[in-house]
Amino acid sequence: MTCIITWNIGSFDFLKYIKYFRIKYRGQKISNQYFQPIINGDFVSKSIEKINPDIMFLQEFYFSEDIKYIDILKNYPYQKLINTWYHKHSILIASKYKFTIFWKKSFPMVSCDKLNFIPIHLNSFYASKRLEDFLILNKISKNLSNTVILGDTNIWSRGNKFLFKNDRKAYKVITGCLRDFSKEIISTSYFGLGLDKVFGSKNLKINKIESLKIRSHFMDHYPIVIDLEN
């Protein structure tokens with residue numbers, strides 16, 4: 001069994017405006033809408049420690065040095081912070097086991113213990129761009145086995161209802177060749193939307209998947225935890 005976490009540990013988007021007002025929270029300056037290391041680092045660390053994943057994908061690191069505020073990461077010898085071409089922030093991959101990364105059409109492919117992970121954080125505001133990305137991801141995954149695409153899709157959905165037509169199209173595209181392991185999870189965010197999803201090859205078997213309803217100050221996403229049978 002392999003335990004996996006995908007978690008957007010960033011903050012409410014409105015925090016991007018807070019820097020103009022020089023507002024502090026408990027004495028800590030807030031300058032962006034991404035991971036707040038001093039405010040939320042300990043919470044994220046303790047939450048991960050309880051779950052004890054084998055590999056994790058954490059989204060929305062703005063500064064590389066912010067990783068040090070998540071103390072549990074010292075127990076994960078294999079780590080890589082990857083920059084994404086479509087965002088200013090980065091995704092952290094942390095694993096108990098060695099992994100390799102190569103790039104497929106601008107998306108990182110993480111190979112670990114015979115599994116191929118593609119961590120994503122797609123465009124927040126344009127469904128048309130999310131559709132474009134899913135068309136690319138569909139082409140990539142068609143030629144791969146044991147593949148898991150996971151992360152913040154930013155698809156505005158709740159169950160089988162989609163706010164935008166292009167998000168519905170994108171979902172239909174990716175589920176043409178992959179299963180939606182997170183289909184039964186209604187919400188992964190504070191606002192009740194299923195923004196975060198996990199898609200996988202049809203030969204893979206999920207023993208358990210859930211979105212833990214845990215968050216700290218300003219955080220708007222919940223983690224998804226997956227137990228994947230080897």
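Which pairs have Cβ atoms under 6 Å, sit 6 or more apart or on different chains, and link a residue in the stretch 170-196 that is touching a residue at least 12 places away in the same chain (Cβ under 8 Å) to one that is of a type in the set (A, V, I, L, M) and part of a loop (DSSP other than H, G, I, E, B)?
Note: pairs meeting the criteria are T188/L195; S189/L195.
Of (1) touching a strand residue (DSSP E or B) at 6+ places or on another chain (Cβ under 7 Å); (2) polar (S, T, N, Q); (3) more than 27 Å from N203 (Cβ to Cβ); (4) modelled with pLDDT of 95 or more, S64 satisfies all except one. Which?
S64 satisfies all of (1) touching a strand residue (DSSP E or B) at 6+ places or on another chain (Cβ under 7 Å); (2) polar (S, T, N, Q); (3) more than 27 Å from N203 (Cβ to Cβ); (4) modelled with pLDDT of 95 or more except (4).
Does the stretch 123-147 hold any residues that are touching a Gly at 6+ places or on another chain (Cβ under 8 Å) and either over 13 Å from I174 (Cα atoms) or among the β-branched types (V, I, T) (or both), and which are they?
T147
Scan the stretch 50-75 residue by residue and report those that are of a type outside the set (A, V, I, L, M, F, W, C) and under 18 Å from the mean Cα position of the chain (by Cα).
Within the stretch 50-75, N52, P53, D54, Q59, E60, Y62, S64, D66 meet the criteria.
Which residue is surrounded by the most Cβ atoms within 10 Å (Cβ to Cβ), if the candidates are limited to the stretch 210-230 and must be assigned to a strand (DSSP E or B) and touching a Leu at 6+ places or on another chain (Cβ under 9 Å)?
I224
For the stretch 94-114, state whether one or more residues are at pLDDT 95 or above, within 29 Å of K139 (Cα to Cα) and within 14 Å of the chain's Cα centre (by Cα).
Taking every residue of the stretch 94-114 in turn, at least one turns out to be at pLDDT 95 or above, within 29 Å of K139 (Cα to Cα) and within 14 Å of the chain's Cα centre (by Cα).
Find all pairs meeting these conditions: Cβ atoms under 7 angstrom apart; at least six residues apart or on different chains; first residue within the stretch 43-69 and farther than 20 Å from I82 by Cα; second residue surrounded by fewer than 18 Cβ atoms within 10 Å (Cβ to Cβ) and among the polar types (S, T, N, Q).
Within 7 Å, the pairs are F43/S216.
Do you know which residues across the stretch 1-45 are modelled with pLDDT of 70 or more, surrounded by 12 or more Cβ atoms within 10 Å (Cβ to Cβ), part of a loop (DSSP other than H, G, I, E, B) and not small (G, A, S)?
The answer is I9, F12, I30, N32, Q33, Y34, F35, Q36.
Table: residues versus (1) at pLDDT below 95; (2) over 14 Å from the mean Cα position of the chain (by Cα).
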| residue | (1), (2) |
| --- | --- |
| H121 | yes, no |
| L150 | no, no |
| G159 | yes, yes |
| Y171 | no, yes |
| G176 | yes, yes |
| G192 | yes, yes |
| V198 | no, no |
| N203 | yes, yes |
| S216 | yes, yes |
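The values are calculated or read from the model by the stated rules, or taken from the named source; none is laboratory data. This one's a predicted model, so the numbers in the text were calculated from it and none came from an experiment. Counting neighbours? That spans all protein chains shown, and the Cβs are built from the backbone with ideal geometry, glycine included.
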